[in-house]
Structures are given as C-alpha cells and as structure tokens.
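The values are calculated or read from the model by the stated rules, or taken from the named source; none is laboratory data. Because the structure is a prediction, the values reported are computed rather than measured. Here the Cβ is made from the backbone with ideal geometry for all residues, glycine too, and neighbour counts use every protein chain on show.
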Amino acid sequence: MSPKPPSAFTCLVIDHDDTSVASTPGIHYPAHVEALRQLRPRLAPLSLEDWFRKNFSPGLMGYLVGELAFTPAEVAINHSIWRSFTASRVPAFYPGFLALLAEFRRRGGIVVVVSHSETDKILRDYVADSSLGEPFLPDAILGWNDDPMLRKPSAYPIHAVLDRFALNPEQVLVLDDLKPGLDMALAAGVACAGAGWGHDIAEIRAVMFAHCHWYFHTLETFSGFLLGA
C-alpha cells in the first residue's frame, strides 16, 4: 500500500471491461465460446472463471496464439466473431461509476480510458448511458491497437497520456481489474489501483492485492478513496 494522498492525482486512467462496465459475462465470454465452436469444435470451452484467469495471464493474445495455437487467419476470424458480439450488445456501467467520474472531473480531474476494447465501442457505451442526463464522455480513449507495443501491458498508452495532457507520472492513477493494466502502470512508473468489483477470483485478487498500490473490493470504497470521503 502507498501513503500517497488521492487528492494528488490529476488523471484517472481507467480500464473499460469489468472495471467500468459489466461486459465479460454477457459479451466477451459468449463471443469466445462461439469462436471455439467454430474454430476448435472438439475443444470444450473454458468456464467463465477460467476465461477471466486467461485474460489475466497470459493475456488474450497469449492464450489464443500461445495456448490455442490460432493461426493468423483464425485470429482474424476470432476477431470478427468478437466484433459481432460487441456490435450487437451494449454493457451496463456499474451503478455509481459514471457519477464518480463526473465528480472527479468537477474537481478538476482528467478521465482517460485505456482498454483492449475498440475505441468506437467504448465511446458508444458512454453515449448510450443517460443516467446522468447528458452522457459523460472521457477526455480521451485509447482502445485496442493491433500493434502490441501500442496497447497495454506496454507503457505506451501512459506515455501518450502524459504527453497529451502535460502530466508528471505522480499525477496519474491507473484503475484496472487485470494484470495487463497493472503491468502497464508499473512499466510507466505510475500508481495502480486494483478494481475488485467485477469478479472475485482468488488467484487474480492475490496478485493484484500484492502488486497494486491499493486494492478495492467495492466501487464504494474506491469512490471514498478517490474523492476523500
């Protein structure tokens, strides 16, 4: 744990799936099950919990290419199936999450999304939510990039945020539920908070708790931390 006061953070860099929105159970996991049905019909799909574990480590592409041995053509088919699911299903934000972001911005904060989801789908999710009246839109969105050096766990997204908003690393807090976001934060030398409200898997929780500067089981406790309640 770190003694750094939350009021010192100017920029909140947030993950999207299972940190901001509840998307894996209803979108990403069913898309994977369908991809396996088409590409590896003799292979039983992972359970939902094991799917979370694979996304945690070795990460999505590490699992698809390293363990399932998807060819480039199969990776493209998998991506197409995934896009069909993300295009037709809009996930809901966790209750109170957008209100937290709005209050953080009202106090002068900058909100940036760094995610493995596609930028246009992330923006759509924000535009679709009317819980605050007018849609809340992040200050920047850095979504999926085919170049692994330009997406987490690479430090590039954080360096891009620092440059764009003229920030120092000490001003940035990353909020993520999985290891790629943690690794990105550590590589860039910024603080990281673990989001534990999207799933509760012991192995994931243990690693995030051990290596993040802070770990939060509920959105309410994170909100109190960030806003100083």
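Every residue in region 193-229 that is closer than 18 Å to residue 180 by Cβ and either touching a Pro at 6+ places or on another chain (Cβ under 6 Å) or among the aliphatic types (A, V, I, L, M) (or both), please.
Answer for region 193-229, where residues must be closer than 18 Å to residue 180 by Cβ and either touching a Pro at 6+ places or on another chain (Cβ under 6 Å) or among the aliphatic types (A, V, I, L, M) (or both): 193, 195, 201, 204, 206, 207, 208, 210.
What's the number of the condition residue 182 fails, among (1) surrounded by fewer than 18 Cβ atoms within 10 Å (Cβ to Cβ); (2) under 11 Å from the mean Cα position of the chain (by Cα); (3) among the hydrophobic types (A, V, I, L, M, F, W, C)?
(1)
Please verify whether region 134-147 includes one or more residues that are in contact with a helix residue (DSSP H, G or I) (Cβ under 8 Å, 6 or more places away or on another chain) and of a type in the set (Val, Ile, Thr). Break it down stepwise before answering.
First pass over region 134-147, keeping only residues in contact with a helix residue (DSSP H, G or I) (Cβ under 8 Å, 6 or more places away or on another chain): 135-144.
Keeping just the survivors that are of a type in the set (Val, Ile, Thr) gives 141.
Yes.
For region 186-221, which positions are in contact with a helix residue (DSSP H, G or I) (Cβ under 7 Å, 6 or more places away or on another chain), within 24 Å of residue 50 (Cα to Cα) and assigned to a helix (DSSP H, G or I)?
Passing the criteria: 203, 204, 207, 208, 211, 219.
Which one of 70, 104 is in the same structural domain as residue 194 (by TED's automatic domain parsing) and buried (at least 18 other Cβ atoms within 10 Å of the Cβ)?
On the way: 70 fails: in the same structural domain as residue 194 (by TED's automatic domain parsing).
The unique qualifying residue is 104.
Yes or no, residue by residue, for (1) surrounded by fewer than 18 Cβ atoms within 10 Å (Cβ to Cβ); (2) closer than 27 Å to residue 217 by Cβ; (3) of a type in the set (Gly, Ala, Ser):
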position: 124; (1), (2), (3): yes, no, no
position: 130; (1), (2), (3): yes, no, yes
position: 156; (1), (2), (3): no, no, no
position: 168; (1), (2), (3): yes, no, no
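Here are the criteria: (1) out of contact with any helix residue (DSSP H, G or I) (no Cβ under 8 Å at 6 or more places or on another chain); (2) touching a residue at least 12 places away in the same chain (Cβ under 8 Å); (3) in a helix (DSSP H, G or I). Tell me which single one residue 127 does not satisfy.
(2)
Could you tell me which numbered condition residue 39 fails, if it satisfies all but one of (1) under 17 Å from the mean Cα position of the chain (by Cα); (2) at negative phi?
The single condition residue 39 does not satisfy is (1).
Starting from region 34-48, take each residue that is outside the structural domain of residue 82 (by TED's automatic domain parsing) and list its partners that are at pLDDT 95 or above, counting only C-beta distances under 6 angstrom and pairs at least six apart or across chains.
Here the result reads none, with nothing in region 34-48 linked to a residue that is at pLDDT 95 or above.
Is there any pair with a first residue in region 150-177 that is closer than 22 Å to residue 52 by Cβ and in the same structural domain as residue 116 (by TED's automatic domain parsing) and a second that is at pLDDT below 95 and surrounded by fewer than 18 Cβ atoms within 10 Å (Cβ to Cβ) whose Cβ atoms are under 6 Å apart and which are 6 or more apart or on different chains, and what are they?
Filtered contacts from region 150-177: 151/145.
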